[in-house]
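Comments concern the structure below.
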Amino acid sequence: MQRILTVGVYDYFHYGHLRLFEQAKNAVENGYLIVAVQDSEFIRKFKPEAKVFYSTDVRKELVGALKCVDEVTSYTEVQSAVKENEFDVFAVGEDQKHAGFLEAIDYCKKNGKKVVYLHRTPNISSTSIKENLEVSSK
């Protein structure tokens with residue numbers, strides 16, 4: 001069994017997140033999916049403008065309730081998450097290109113971890129949900 005790690009905030013949970021987890025789980029045969037949820041306090045500390053709707057614990061519970069998810073943990077920075085978790089495959093969203101992800105991917109490649117890129121589900125994102133909620137509340 002190969003252990004697959006994917007990371008994210010997963011606030012405003014939506015269909016695209018579910019599809020992402022299913023892709024990650026099926027990235028390898030007989031995969032064991034570990035989802036790391038980013039810590040709310042860390043997000044608020046480094047992105048004070050960010051509006052996090054659900055607490056870390058609630059987001060972990062939501063993600064953990066999915067049958068495709070085998071284990072849920074939390075993390076602060078992605079480059080730390082890849083060093084703190086035991087896994088074989090790092091599953092990354094195709095849009096994750098900021099410095100922390102690039103550092104995490106480099107770490108994985110240097111340490112014999114496979115990296116797979118997951119496709120976005122068209123026409124849905126947490127950003128678009130937040131924007132629609134803000135428009136409808138005005």
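Each reported figure results from applying straightforward, stated rules to the coordinates on display, with no laboratory input. Everything numeric here is computed off the predicted structure, so don't read it as measured data. Cβ: placed from backbone, ideal geometry, glycine included. Neighbour counts: every protein chain shown.
Output needed for segment 28-102: three equivalent-ellipsoid semi-axes, defined as square roots of 5 times the C-alpha gyration tensor eigenvalues, in descending order, whole Å.
Over the Cα atoms of segment 28-102, the semi-axes work out to 22, 17, 11 Å.
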Rounded to whole Hz and in sequence order, give me ³J(HN,Hα) for segment 28-43 from the Karplus expression 6.51 cos²θ - 1.76 cosθ + 1.60, θ = phi - 60°, writing x for Gly and Pro.
9, 5, 6, x, 10, 8, 10, 10, 9, 9, 6, 5, 4, 5, 5, 4
Return the FRET efficiency for the residue pair Phe42, Leu102: r is the Cβ-Cβ distance, R0 is 25 Å, and the value is rounded to the nearest 0.05.
0.85
Expected 222 nm ellipticity per residue - DSSP helices of 4 or more, -39500 (n - 2.57), all of the chain, to 500
-12000 deg cm²/dmol
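What does the extension gain come out to for Met1 and Ser55, with contour length at 0.36 nm per residue minus their alpha carbon separation?
Working: separation 54, 0.36 × 54 = 19.44 nm, distance 3.13 nm.
Here the answer is 16.3 nm.
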Over the chain, one equal point on each Cα, no solvent: what is log10 I(q)/I(0) by the Debye formula at q = 0.09, 0.10, 0.12, 0.15 Å⁻¹?
-0.26, -0.32, -0.46, -0.72
Just need the relative contact order of segment 2-136 here, percent rounded to a whole number, with Cα pairs under 8 Å and 6+ apart.
31 percent
Find the lysine pairs in the chain meeting two conditions, Cα atoms under 19 Å apart and a separation of 8 or more places or different chains, and report how many there are.
19
Contour minus Cα-Cα distance for Asp70 and Lys110 (0.36 nm per residue):
11.8 nm
